[in-house]
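See structure below.
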Amino acid sequence: MGKLYVVPTPIGNLEDMTFRAIKVLKEVDYILAEDTRNSGKLLKHFEVNTPMMSHHMHNEHKTVEGLVKRMQTGETFALISDAGTPAISDPGFLLTRACVENQIEVECLPGATAFVPALVNSGLPNDKFVFEGFLPDKKGRQTRYLQLAEETRTMIIYVSPHKLVKTLGEFQTYFGEDRIISVSRELSKLHEETVRGTVVEVLKHFEEKPPKGEIVVVVAGKKQ
């Protein structure tokens, strides 16, 4: 029986790659990559020559069954995403679930993921929190906001840079303009930035300075 390794990759700074991750990527039979061109640069940097296969949100429904069969015959695979830990708002859940259902061993290595540093450096309570990932684009978005408006735990939300100002405007509507939030972008990279304050204050900042890069928003829960 083969095995699936879930391997986190850096979210920006290549020095966040672990020795263990590099070792696993060199030893497995194949690497499943979200974007083989993007991952190719990472693997070249760390002198990893293991062959890659494409595994992303557009083909994972079709490839899972075949991959499971190959692991059942003894092949080993490492799953990576473009950045961070696979299956966290990235492809990976379907394959991991299929492996578990078929008694194929799954080992997830610890490593980089964007929401943990964003939560910790927000200064907001992190003893209890809820990870929302990306909110629904259209259908169900208002319903989700109405539910989150009553959430008392700290909330973690991923937002695309071109949607940040609009999303903060929605926060103002559903959470109130005085709700405390923290917006982290370009975590671990050269231009890393975290902006903290009320929704109104943070919205004003990004209206004046349009954001770039990957963004994590941390929202204080409703006061009890």
Report summary line: Residues in segment 24-51 that are surrounded by 13 or more Cβ atoms within 10 Å (Cβ to Cβ) and farther than 12 Å from ILE80 by Cβ total 2
Query raised in the report: Hey, among the residues in segment 56-82 that are farther than 18 Å from LYS26 by Cα and assigned to a loop (DSSP other than H, G, I, E, B), which one's least open to solvent (accessible area, probe 1.4 Å)?
Result: ASN59
Requested in this report: For segment 83-105, name all the residues that are in a helix (DSSP H, G or I) and in contact with a helix residue (DSSP H, G or I) (Cβ under 7 Å, 6 or more places away or on another chain).
Outcome: LEU94, LEU95, ALA98, CYS99
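Conditions (1) of a type in the set (Val, Ile, Thr); (2) under 30 Å from ALA21 (Cα atoms), marked per residue:
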{"site": "GLY111", "(1), (2)": "no, yes"}
{"site": "LEU119", "(1), (2)": "no, yes"}
{"site": "LYS138", "(1), (2)": "no, no"}
{"site": "HIS162", "(1), (2)": "no, no"}
{"site": "GLU170", "(1), (2)": "no, no"}
{"site": "GLU208", "(1), (2)": "no, no"}
{"site": "PRO211", "(1), (2)": "no, no"}
{"site": "VAL216", "(1), (2)": "yes, yes"}
Query raised in the report: Taking segment 83-105 as the search range and keeping residues that are open to solvent by 20 Å² or more (accessible area, probe 1.4 Å) and among the small types (Gly, Ala, Ser), which one is modelled with the lowest pLDDT?
Result: SER89
Requested in this report: Look at GLU27 and say whether it is free of Cβ contacts under 8 Å to residues at least 12 places away in the same chain, among the charged types (D, E, K, R) and within 21 Å of GLY111 (Cβ to Cβ).
Outcome: no
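Which one is surrounded by the fewest Cβ atoms within 10 Å (Cβ to Cβ), of the residues in segment 1-23 that are assigned to a loop (DSSP other than H, G, I, E, B) and aliphatic (A, V, I, L, M)?
Ranking the candidates gives MET1 first.
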Report summary line: Listed by first then second residue, the pairs whose first member lies in segment 109-122 and is touching a residue at least 24 places away in the same chain (Cβ under 8 Å), whose partner is open to solvent by less than 30 Å² (accessible area, probe 1.4 Å) and in a helix (DSSP H, G or I), with beta carbons under 7 Å and at least 6 positions apart or on separate chains, are LEU109/ALA21; LEU109/VAL24; GLY111/ALA21
Report task. Check GLU207, GLU201, GLU192 and return the single one that is acidic (Asp, Glu), modelled with pLDDT of 95 or more and in contact with a strand residue (DSSP E or B) (Cβ under 8 Å, 6 or more places away or on another chain). Result -> GLU192
Requested in this report: All but one of (1) touching a Ser or Thr at 6+ places or on another chain (Cβ under 9 Å); (2) at pLDDT 95 or above hold for ALA149, so report the exception by its number.
Outcome: (1)
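If a residue has to be small (Gly, Ala, Ser) and either out of contact with any Asp or Glu (no Cβ under 9 Å at 6 or more places or on another chain) or farther than 30 Å from GLN72 by Cβ (or both) to count, how many in segment 1-50 make the cut?
Result for segment 1-50: 3.
The values are calculated or read from the model by the stated rules, or taken from the named source; none is laboratory data. Quick caveat: nothing in here was measured; it's all calculated off a predicted structure. Glycine gets a Cβ as well: all are built from the backbone with ideal geometry, and neighbour counts include every protein chain shown. Protein only, heavy atoms only, side chains kept; ligands, DNA and RNA dropped before computing areas. Shrake-Rupley method; radii C 1.70, N 1.55, O 1.52, S 1.80 Å.
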